[in-house]
Amino acid sequence: MVNVLTEITIDKPLDEVANYAANPDNAPTWYENIKSAEWRTPKPLAVGSQIAFKAHFLGRELVYTYEIKEFIPGEKLVMQTAEGPFPMQTTYTWQALPAGQTRMTLRNAGEPSGFSKLFAPLMATMMRKANNKDLRNIKKLLEGRE
């Protein structure tokens, strides 16, 4: 099992952070490895929505569709894919902090199968590194620092 949890404090109000992060159209802007996001179901985001992503990870192009499993605006977003050799669940949470700040967490969890099992420890390390970088990216974007 791979279970990677990362978090960051962003100097912006919860609503601003959560609305931006929960919008799949913004994913290619702050996720370094995501190259595109395409809605498979009508907007707006809701439980059951499906979004196809193209990404590059560990030198490979990945194409996968996430389905929204839980969405509590301003609090939590859970999306999951069952495709491919590494089914993944991604969870965002947001928590308001004093002085108008927001703590955002990003968790990726999945159970690799087949050949991918051999690379689970490496994948966890690479995911943690990528997730930390992505959270730093969203922080810079939302705080207006490029």
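The values are calculated or read from the model by the stated rules, or taken from the named source; none is laboratory data. These numbers come from a predicted model, not from an experiment. In this analysis, Cβ positions are derived from the backbone assuming ideal geometry, glycine residues included, and neighbour counts consider all displayed protein chains.
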Condition test on L142, is it closer than 20 Å to W30 by Cα, out of contact with any Ser or Thr (no Cβ under 6 Å at 6 or more places or on another chain) and modelled with pLDDT of 85 or more? yes
Any residue at all in segment 16-28 that's assigned to a loop (DSSP other than H, G, I, E, B), surrounded by 15 or more Cβ atoms within 10 Å (Cβ to Cβ) and touching a residue at least 24 places away in the same chain (Cβ under 8 Å)? yes
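Taking segment 50-72, which residues are outside any strand (DSSP E or B) and either without any contact (Cβ under 8 Å) to a residue 12 or more places away in the chain or within 15 Å of the chain's Cα centre (by Cα) (or both)?
Keep residues of segment 50-72 that are outside any strand (DSSP E or B), which gives 58-59.
Within segment 50-72, G59 is the sole residue that qualifies.
Any idea which of P121, P112, P87, P98 is at pLDDT below 95 and surrounded by 17 or more Cβ atoms within 10 Å (Cβ to Cβ)? Explain how you work it out, then say what you get.
On the way: P121 fails: surrounded by 17 or more Cβ atoms within 10 Å (Cβ to Cβ); P87 fails: surrounded by 17 or more Cβ atoms within 10 Å (Cβ to Cβ); P98 fails: surrounded by 17 or more Cβ atoms within 10 Å (Cβ to Cβ).
Step by step, each of P121, P112, P87, P98 is checked, and only P112 is at pLDDT below 95 and surrounded by 17 or more Cβ atoms within 10 Å (Cβ to Cβ).
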So, first residue more than 22 Å from V78 (Cα to Cα) in segment 98-114, second residue in a loop (DSSP other than H, G, I, E, B) and at pLDDT below 90, Cβ within less than 8 Å, six or more apart or across chains; the pairs are G114/P85
Give me the residue from segment 73-112 that is touching a helix residue (DSSP H, G or I) at 6+ places or on another chain (Cβ under 7 Å) and in a strand (DSSP E or B) and, out of that set, nearest to W39 (Cα to Cα). Y92
E7 meets each of (1) part of a strand (DSSP E or B); (2) farther than 19 Å from R145 by Cα; (3) of a type outside the set (G, A, S) with one exception, condition (2)
If you check K76, K43, which single one turns out to be under 15 Å from the mean Cα position of the chain (by Cα) and of a type in the set (D, E, K, R)? K76
Would you confirm, using the coordinates I've provided, whether R40 is at pLDDT below 95 and surrounded by fewer than 15 Cβ atoms within 10 Å (Cβ to Cβ)? no
